[in-house]
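Peer 1: Attaching a single structure in structure tokens format; questions to follow.
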Amino acid sequence: GDSVTQMEGPVTLSEEAFLTINCTYTATGYPSLFWYVQYPGEGLQLLLKATKADDKGSNKGFEATYRKETTSFHLEKGSVQVSDSAVYFCALSATGGSYIPTFGRGTSLIVHP
Amino acid sequence: EPEVTQTPSHQVTQMGQEVILRCVPISNHLYFYWYRQILGQKVEFLVSFYNNEISEKSEIFDDQFSVERPDGSNFTLKIRSTKLEDSAMYFCASTWVTGDNEQFFGPGTRLTVL
């Protein structure tokens, strides 16, 4: 079945460092891919998404490119801030199906001043 | 800005007891969902609900689980006889239309079964 694998956390960075959180997926067909973020005490929020190969999703300085050849959707940000500290979830949604997202385990990001 | 709310934020119960987790979805949304995340594991889909009936459920959602929309605002998840392995974070989500659309999640209820 469909699955999403994320890098283990926590990821600990200093402010203004470069961020990469790896995500790879297994799916039949051509899924849509998502990154959700969960700030402390809040629900998961959609951060960005990409619906087809080579699409780049971007929001709040975060980017991720849908790479079909490597089945990846790595999350990147050029310069993180303390306020980016949160848990990040990679997810996929199989098109033509029920659209129920399949999530990864989440990666905790801690940014120090 | 409208948001999904969940109560309580933390529920502690004894094994074998019934629990009801409550959610208030965003008011004009039509599709409702429950997910759970056991500590350190993936967020797992439990059930989706539309037009006052279950539209899809996972293998996890067995006879011990039930969902209800008792009025126009609440959406509840009931676990009839809790087991230790039901300890998890439970998330409610809603959206106004199905498909590749953003689901809006609540902050979660942490259920601890002793």
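The values are calculated or read from the model by the stated rules, or taken from the named source; none is laboratory data. Predicted model only: the values in this text are computed from it and were never measured. Because the Cβ atoms are built from the backbone with ideal geometry, glycine has one as well, and the counts that use them run over all protein chains shown.
Peer 1: Cβ-Cβ distance below 6 Å, separation of 6 or more or different chains: which pairs start in segment A:101-113 with a residue that is touching a residue at least 24 places away in the same chain (Cβ under 8 Å) and end on one that is among the acidic types (Asp, Glu) and surrounded by fewer than 22 Cβ atoms within 10 Å (Cβ to Cβ)?
Peer 2: Within 6 Å, the pairs are A:THR102/A:ASP2; A:VAL111/A:GLU15; A:VAL111/A:ASP84; A:PRO113/A:GLU15.
Peer 1: What strands (runs of 3 or more DSSP E) completely inside segment B:10-61 contain at least 1 residues that are among the β-branched types (Val, Ile, Thr) and out of contact with any Phe, Trp or Tyr (no Cβ under 7 Å at 6 or more places or on another chain)?
Peer 2: B:10-13, B:19-24, B:53-57
Peer 1: Run down A:ALA94, A:ALA53, A:ALA27 and say which single residue is farther than 29 Å from B:LYS57 by Cβ and among the aliphatic types (A, V, I, L, M).
Peer 2: Every option except A:ALA53 fails the conditions.
Peer 1: Among (1) surrounded by 14 or more Cβ atoms within 10 Å (Cβ to Cβ); (2) modelled with pLDDT under 95; (3) not in a strand (DSSP E or B), there is one condition A:VAL80 misses while meeting the rest; what is its number?
Peer 2: So A:VAL80 meets the others, but not (2).
Peer 1: Pick from segment A:15-57 the residues that are surrounded by 14 or more Cβ atoms within 10 Å (Cβ to Cβ), hydroxyl-bearing (Ser, Thr, Tyr) and not in a loop (DSSP other than H, G, I, E, B): which of them is nearest to the other protein chains (Cβ to nearest Cβ)?
Peer 2: A:SER32
Peer 1: Against the definition (under 10 Å from the mean Cα position of the chain (by Cα), modelled with pLDDT under 95 and of a type outside the set (Ser, Thr, Tyr)), how does B:PHE45 come out, yes or no?
Peer 2: yes
Peer 1: While we're here: If I ask for residues that are surrounded by 13 or more Cβ atoms within 10 Å (Cβ to Cβ), outside any strand (DSSP E or B) and not aliphatic (A, V, I, L, M), which ones from segment A:1-14 would you list?
Peer 2: Hits for segment A:1-14 are A:ASP2, A:GLY9.
Peer 1: Part of a strand (DSSP E or B) and within 18 Å of B:HIS29 (Cβ to Cβ): does that describe B:VAL97?
Peer 2: No.
Peer 1: If we scan segment B:91-100, do we find a residue that is more than 11 Å from chain A (Cβ to nearest Cβ), at pLDDT 95 or above and surrounded by 14 or more Cβ atoms within 10 Å (Cβ to Cβ)?
Peer 2: We begin by selecting, within segment B:91-100, every residue more than 11 Å from chain A (Cβ to nearest Cβ); these are B:96.
Now drop any that are not at pLDDT 95 or above, which leaves none.
No, that holds for no residue.
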